[in-house]
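Just below is one structure, and these are the notes that go with it.
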């Protein structure tokens, strides 16, 4: 039984008129000197290692290098970005790259985590295989995938041709022609680098989701089964809400990393063909390092800082909220129930519209591929569940949770291992 | 008791590790050539007062590992003979950040004493940043010992009549074609061709069914593509900047004609059979890999690819016809004058005298010989008399005579449009090229933009880059 305790009332500040406190103690607190000693080294480090470089780069962004001289140009580097089509394309590419990568990583990571969560045998081996992309250095990942994608010597085209999948992809329009030129076709290059980023990023999502799944109270699943909830209802009303905070923090962290990703794309395409895969960080690198204009490069990154800043603020708020059990979502409390129900759909619709605008040639292909993965995962789960249920002599796989040590795959999305084990 | 015969995990891992070690032992690159490195007596005398001193050096990584090892051995031989310490670190010139890092070191006062870098690509930039010291005295002294340096060096290492880099070894410009494929089709092997000839020959020798692709030049973002596109534009009579390197003259009928020529190769279905699949995504290493895989009929590269095929006994070496390059409507000679990896002494060097002495030693015959043998035809003498210091430089490879001739190319080479090459080192030109404006322009043409429009919009972007460098247009 869960006992909910009320939050303790916040401590009241000392009466302002206390005669035993000095003016500075009244302002900063009774032990402010001790606090300053404790917090001082941290503040000093943060200032030296984070604030100083940021402030310095703000100054740098107002300069240009003319030969050996550095001259002050005010906001010229920023105003130049307004008409800089390379920068605009870079920002768009970063957005497209991040959005699709996150969608796929969340979906596939969740599938992998659910699968691992409910496996009884071979979990260590499967977990090892799933984690493998994470431990492979990026340079190895990039050059390996470059080789795999090579239209002449690469294995991807050979395997897809021999299996008949490649020509089928061309028949349904997922690729314009077969054999596909994955990295040299501007329409395919971005999906190809997204694929590699997803391949490399799935382990992070799997591990964090797995931790989240293990933290969900098994009693909730038991109660839901007793109440006759279907697997989908259990997944929707127990698993997903239980993973909410983990999901938000994981997606935000990964979004920040992906939005600033440089190495993988640089090693795979150098931003090409043309600027089809060049993210904004590559534009900054080109200006600052290759053209030796540190000011212009700093301006590119500083312009994008607010976007990263918003993600960081959301992340910090989420993390603090999850630190404080019982604190509700203050923003959502202001909404009516109907508005709360509609909000996720509005966000999804708006995101889809933005993606359609930003990448009309990718969006339907991504949706199709994602749909196929989800349907396949669900189908495999259902088949295995049915087989397991028959072996255990149950009347119907969906009717109850498995018992006697055998776990149903159909409830991989909606059960706790302890509830059924 | 039954004996356990199953393979335990520990045994399996142990055997796997042994297997990996065994395989590693079987592999390995070509052994570094052994050369008896001698320090000339004159240098030993000069080093007497510097005994106990030390210098730090950065070396632009050579594409042959054996050459890098030979370089280290030469430095160690010098250090032992003179009682000094030389610390050498390799840096990659292709990473794109070498100049920025070196400049940052100089500004922070933490720089090494000397480095050797490509004079065509980096010396002008480093001088422009104010990071180099005058080494005219060393060059004059070396002239007396070794004769004249490669002609290109007088353009890339001299600023305001003063030398800021000491030519070390010469790297030739070249293109390569498949001798056997040309001979099969009865096509002539010449010291140079026009771009149109090369295109038509490439189509003729192509046979995708046999994995023969006649054209191995990409226009994707890479140093090789920058070189290819720039060379075609120059031989057609166009250029990014005028002869002073300060005024943008990119948008011209000649440039449009060159871009139209290149664009046609990648968009006209007639030429599809000569383009290897995936050429649109090639980066700097791709043409080397495909050339060594023997599927290309033509490519443009430094002699690294030639050296690699020779030292690793790749059959393509025997079928390679290296030639000077291509001509265009504006000039009947290829714009081939090479470049030198040259020593620079940084401002703020702790031991500049010892740094200059190291440079003088490394240029000399025996110190260079091991490096040259490690990377045949990629590393060549920059100084005239060093070519005569060992029989290897005359008989070591059939390509040597042409390479030596390239060091003597009379410069400048002038086009019918009045442009002189090599042009004055231009920070604006360098920045525009590094920003991949040329390759992005070609991609837009491939995507359907009219060449004239693509050239006009690229001109506008180049003007922005020049103005950002302080050259108002």
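Quick one: compute a quarter of the convex hull surface over the Cα atoms of the stretch B:208-247 and quote it in nm².
Details: hull surface 15.8 nm².
Averaging across all directions leaves 4.0 nm² for the Cα convex hull.
For the pair residue A:46 and residue A:373, what calculated FRET efficiency results from E = 1/(1 + (r/R0)^6), where r is the Cβ-Cβ distance and R0 = 45 Å, to the nearest 0.05? Here the calculated transfer efficiency is 0.60.
Once the convex hull of all Cα atoms in the stretch B:316-360 is built, its volume per residue stands at 170 Å³. Using alpha carbons only, how many angstrom separate the centre of the stretch A:149-219 from the centre of the stretch A:42-94? Their Cα centres are 36 Å away from one another.
How big is the C-alpha Rg of the stretch A:113-202 next to the rule-of-thumb value 2.2 N^0.38 Å, as a ratio? After normalising by residue count via 2.2 N^0.38 Å, the value is 1.28. The order of the peptides B:250-261, B:146-157 by mean Cβ neighbours within 10 Å, most packed first, is B:146-157, B:250-261.
What are the semi-axes of the equivalent ellipsoid of the stretch B:382-423, taken as the square roots of 5 times the eigenvalues of the Cα gyration tensor, listed largest first and rounded to whole Å? Please list the in-between numbers first.
Working: eigenvalues 168, 23, 6 Å².
Result for the stretch B:382-423: semi-axes of 29, 11, 5 Å.
Computed over the stretch B:41-192, the range of Cα coordinates on each principal axis works out to 64, 35, 31 Å, biggest value leading. Of all DSSP beta bridges in the protein assembly as shown, what percent run antiparallel (nearest 5)? Bridges in the protein assembly as shown that DSSP calls antiparallel: roughly 70 percent.
Estimate the FRET efficiency between residue A:187 and residue A:155 by the formula 1/(1 + (r/R0)^6), using the beta-carbon distance for r and 25 Å for R0, to the nearest 0.05.
Values: r = 22 Å, r/R0 = 0.87.
Taking R0 as 25 Å, the efficiency between residue A:187 and residue A:155 is 0.70.
The separation of the stretch A:346-363 from the stretch B:109-150, counted between C-alpha centres, amounts to 55 Å. Working note: Cα gyration tensor of the protein assembly as shown, eigenvalues times five, square-rooted, sorted largest first, giving semi-axes of 56, 36, 30 Å.
For the stretch B:291-413, what is one quarter of the convex hull surface built on the Cα atoms, given in nm²?
Numbers: hull surface 40.5 nm².
Here the figure is 10.1 nm², rounded to one decimal.
In terms of its C-alpha gyration tensor, chain B has an oblate overall shape, because the principal axis ratio a/c (a ≥ b ≥ c, square roots of the eigenvalues) is not below 1.5 and a/b does not outweigh b/c.
With a Förster radius of 22 Å applied to the C-beta separation of residue A:317 and residue A:244, the computed FRET efficiency comes to 0.95.
With both bridge residues required to lie in chain B, what share of the DSSP beta bridges run antiparallel, to the nearest 5%? Walk me through the numbers on the way to the answer.
Details: 28 of 41 bridges.
For chain B, the DSSP antiparallel bridge percentage is about 70.
Semi-axes of the equivalent ellipsoid for the stretch A:24-161, please: Cα gyration tensor eigenvalues, times 5, square-rooted, ordered largest first, whole Å. Kindly include the intermediate steps, with their values, before the conclusion.
Numbers: eigenvalues 397, 221, 47 Å².
Result for the stretch A:24-161: semi-axes of 45, 33, 15 Å.
Ignoring everything except DSSP H segments at least 4 long, calculate the 222 nm mean residue ellipticity for the protein assembly as shown; use -39,500 (n - 2.57) per segment, divide by total residues, nearest 500. Kindly include the intermediate steps, with their values, before the conclusion.
Working: 40 runs with 481 residues, N = 894.
Here the helix-only value at 222 nm equals -16500 deg cm²/dmol.
Would you please classify the overall shape of the stretch B:270-337 from the alpha carbon gyration tensor, given that a ≥ b ≥ c denote the square roots of the eigenvalues, rounded means a/c under 1.5, and beyond that prolate means a/b larger than b/c while oblate covers the rest? Mind dumping the intermediate values first?
Numbers: a/c = 1.92, a/b = 1.18, b/c = 1.63.
Cα axes put the stretch B:270-337 in the oblate bin.
Separation of the stretch B:151-212 from the stretch B:350-429 is 17 Å, based on Cα centroids.
Normalised by 2.2 N^0.38 Å, with N the number of residues, the alpha-carbon radius of gyration of the stretch B:204-323 equals 1.17. Here's the picture: a label point sits 7 Å out from the Cα of residue A:364 along the beta-carbon direction, and within the stretch A:170-210 the residues with their amide nitrogen under 17 Å of it are A:170-177, A:187-188.
In this entry, the stretch B:109-195 is assigned a mean projected area of 9.1 nm², taken as a quarter of its C-alpha convex hull surface. Among B:424-433, B:283-292, sorting by the average number of other beta carbon atoms lying within 10 angstrom of each residue, highest first, gives B:424-433, B:283-292. Where a ≥ b ≥ c are the square roots of the eigenvalues of the C-alpha gyration tensor, would you call the stretch A:128-273 rounded, which needs a/c under 1.5, or, failing that, prolate if a/b is larger than b/c, or oblate? Because a/c hits 1.5 or more and a/b exceeds b/c, the stretch A:128-273 counts as prolate. Computed over the alpha-carbon pairs of the stretch B:154-270, the distance histogram in 5 Å steps reads 2, 9, 15, 17, 17, 16, 10, 7, 4, 2, 1, 0 percent, short to long.
Where a number appears in this text, it was derived from the coordinates with a stated rule and is not lab data. Because the structure is a prediction, the values reported are computed rather than measured. Backbone-built Cβ (ideal geometry, glycine too); neighbour counts: all protein chains shown.
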